[in-house]
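Trainee: One structure coming up, written as structure tokens, with questions to follow.
Just so it is clear, none of the values below were taken in a lab; they were calculated from the coordinates. From a predicted model like this one, the values you see are computed outputs, not experimental measurements. Positions of Cβ are generated from backbone atoms using ideal geometry, with glycine treated the same way; all protein chains shown enter the neighbour counts.
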Amino acid sequence: MDFGAASSLICGVDEAGRGPLAGPVFAAAVILDASNPIEGLADSKKLSGKTRDRLAILIHQRALAWAVASASVEEIDALNILQASLLAMRRAVEALVLQPDEVLVDGTHCPRIAAPVRAVVRGDSTVAAISAASILAKTARDAEMLRLHARYPQYGLDRHKGYPTAAHLTALREHGVVEIYRRSFAPVRALLKPV
């Protein structure tokens, strides 16, 4: 699939962490160097943690530009998760040291940015720059969840990364809602209602 001329700076953008009950949503923006390709780029969800970590290092080393940004739990609750994801994407693109000629975003929604932008459905599997962005967003968010796990080990964030697993929901009922939780999400909101 050809997205733009070889000489133009194509930026791939993707997010990680729309579904979890806890923690920020992350996004990454990556402009790859066509003369220094990275083998093995793919949708981050289809890669092992070890492979993602290895590829993230290569992306940091070889990309022409990359940036990672996030939107906080407070912003998620104030804006909704879609708008907070788009905000994190915009922040990532705006943090790049190079101005892209075009921005390709995984999915069906585009952030409001100065550069030309378009959505690519399943772009994390078909566009190398978006695959790279999905890897950086996922590894950055996983690292943040490990930091939060060190503060709140009782929730098991190191295992489920904030997603609503049965074990996570049990821990949430047992230990209650702390500030890292998205209060606008139904399972969390239900625990905040007076009995």
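Trainee: His60 to Gln83: extension gain in nm, 0.36 nm per residue of separation minus the Cα-Cα distance?
Mentor: Values: separation 23, 0.36 × 23 = 8.28 nm, distance 2.70 nm.
Fully extending the segment from His60 to Gln83 adds 5.6 nm.
Trainee: Who wins for biggest fluctuation among Arg183, Arg159, Arg18 in a Gaussian network model of the chain, springs between alpha carbons below 10 Å?
Mentor: Maximum fluctuation in the GNM of the chain, among the listed residues, is at Arg159.
Trainee: Right, something else. Once the Cβ-Cβ distance between Arg18 and Arg151 is put in as r, and R0 is 25 Å, what FRET efficiency do you end up with, to the nearest 0.05?
Mentor: Rounded to the nearest 0.05, the efficiency is 0.65.
Trainee: Please work out which option in [x] 10.4; [y] 13.4; [z] 11.0 gives mean projected area of the Cα convex hull in nm² calculated from these coordinates, and answer with its label.
Mentor: Evaluating mean projected area of the Cα convex hull in nm² on these atoms matches [z].
Trainee: Right, something else. Using only Cα atoms, tell me the angle between helix 166-175 and the longest principal axis of the chain; keep it within 0 to 90° and round to the nearest 10.
Mentor: Result, in degrees: 50.
Trainee: DSSP loop (so not H, G, I, E, B), at most 16 other Cβ within 10 Å: list which trypsin sites (Lys or Arg not before Pro) in the stretch 43-119 pass both filters.
Mentor: Here the trypsin sites (Lys or Arg not before Pro) that fit, given the DSSP loop and packing criteria, are Arg112.
Trainee: Going by Cα centres, the stretch 20-84 and the stretch 129-195 are how many Å apart?
Mentor: Centre-to-centre distance over Cα atoms comes out at 18 Å.
Trainee: Sort the stretch 25-74 into rounded, prolate or oblate with this rule: let a ≥ b ≥ c be the square roots of the eigenvalues of the Cα gyration tensor; rounded if a/c is under 1.5, and if a/c is not under 1.5, prolate when a/b is larger than b/c, oblate otherwise.
Mentor: Oblate, because a/c is 1.5 or more while a/b does not exceed b/c.
Trainee: So how tilted is helix 81-94 from the main axis of the chain? Cα-based, degrees 0 to 90, rounded to 10.
Mentor: 40 degrees
Trainee: Would you mind telling me the antiparallel percentage of the DSSP bridges in the stretch 1-139, rounded to 5? Can you show the working numbers first?
Mentor: Details: 13 of 21 bridges.
Looking only at bridges with both residues in the stretch 1-139, the antiparallel portion is about 60 percent.
Trainee: Just to be sure I understand the model, the point goes 7 Å from the Cα along the line to the Cβ. What's the resulting Arg159 to Glu102 distance in nm?
Mentor: 4.5 nm
Trainee: Using a Cα-Cα cut-off of under 17 Å, which lysines could be cross-linked to Lys50, ignoring same-chain neighbours fewer than 8 residues away?
Mentor: Output for Lys50: Lys138, Lys161.
Trainee: State whether the stretch 73-120 is rounded, prolate or oblate according to the following rule on the C-alpha gyration tensor (a ≥ b ≥ c being the square roots of its eigenvalues): a/c under 1.5 gives rounded; otherwise a/b larger than b/c gives prolate, and the remaining case gives oblate.
Mentor: Oblate is the answer for the stretch 73-120, as a/c is 1.5 or above yet b/c matches or exceeds a/b.
Trainee: In addition: Using a 10 Å cut-off around each Cβ, can you sort Ile130, Ile113 from fewest to most neighbouring Cβ atoms? Don't skip to the answer; put the middle values down first.
Mentor: Numbers: Ile130 29, Ile113 20.
Placing the least packed residue first, the sequence is Ile113, Ile130.
Trainee: Still on this structure: Order these by the 10 Å Cβ neighbour count, fewest first: Ser85, Ser125.
Mentor: Ascending Cβ contact count within 10 Å gives the list Ser125, Ser85.
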